[in-house]
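Read through the structure below, which is laid out as structure tokens, and then see the notes.
The values are calculated or read from the model by the stated rules, or taken from the named source; none is laboratory data. The model shown is predicted, which means the values in this text are computed figures rather than measured ones. Heads up, the Cβs are rebuilt from the backbone with ideal geometry, glycines too, and the neighbour counts pull from every protein chain shown. Please note that ligands, DNA and RNA were not included when accessible areas were found on the heavy atoms of the full protein model with its side chains. Shrake-Rupley method; radii C 1.70, N 1.55, O 1.52, S 1.80 Å.
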Amino acid sequence: SLIDEDKEIATKYTTHLSDLYRNMLSFRSKDLVSLKEEWHILENYIYIQQSRFGNAMKLVVDVPDEIMQTKQIVPLALQLLVENALKHNVVSLSSPLTITIAATDSNITVRNTHNPKISKEKGEGLGLSNIQRRYSLLTDRKVFYGLRDNEFIVNLPLL
């Protein structure tokens with residue numbers, strides 16, 4: 001529908017979409033990627049979703065550049081966590097979804113407002129268990145997740 005409305009925005013959207021899929025394919029066989037590489041994937045995904053949801057989706061980021069340059073993460077973990085937040089929560093102008101991503105030297109935390117959809121989607125929990133399993137193959141450090149103060153929080157080790 002964007003093509004009919006605004007060809008320039010449609011072109012930009014398509015570029016982000018193709019970058020997202022190209023990166024997903026290139027990182028699928030890697031055990032770890034730099035946080036900077038992972039962030040590039042996430043930026044493309046966020047652009048696509050913000051094109052879809054507009055002001056109903058808010059992103060707050062606190063990741064120091066030094067951490068971005070020096071730490072590694074399991075590929076596609078951040079994208080999957082943002083996707084889960086969108087999949088399982090109401091996203092509307094009257095009930096915006098806020099996703100916060102913050103990092104320390106040892107962890108990256110993704111939190112989102114918890115406003116679950118009335119009808120749950122299938123496959124609940126598979127993405128998180130996949131991330132846990134992938135981390136368990138690489139480190140003894142644990143992935144933590146759960147509800148606290150009306151937020152769903154996931155804490156991933158940075159390696």
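In region 40-84, of all residues being in a helix (DSSP H, G or I) and acidic (Asp, Glu), the one that is farthest from the chain's Cα centre (by Cα) corresponds to Glu66. Among the residues of region 26-35, some residue qualifies, meaning at least one is at pLDDT 95 or above and within 14 Å of the chain's Cα centre (by Cα). Screening region 122-159 for residues that are small (Gly, Ala, Ser) and at pLDDT below 95 and picking the one that is farthest from Ser34 (Cα to Cα) gives Gly123.
Taking every residue in region 131-150 that is closer than 13 Å to Asn107 by Cα and pairing it with any residue that is of a type in the set (Val, Ile, Thr), at least 6 positions away or on another chain, the pairs with Cβ-Cβ distances below 8 Å are Tyr135/Val74; Tyr135/Val143; Val143/Ile131; Val143/Val154; Phe144/Ile153; Phe144/Val154; Tyr145/Ile153; Tyr145/Val154.
Among the candidates Ile99, Ile118, the residue that is under 21 Å from Glu43 (Cβ atoms) and either open to solvent by 30 Å² or more (accessible area, probe 1.4 Å) or in contact (Cβ under 8 Å) with a residue 12 or more places away in the chain (or both) is uniquely Ile99.
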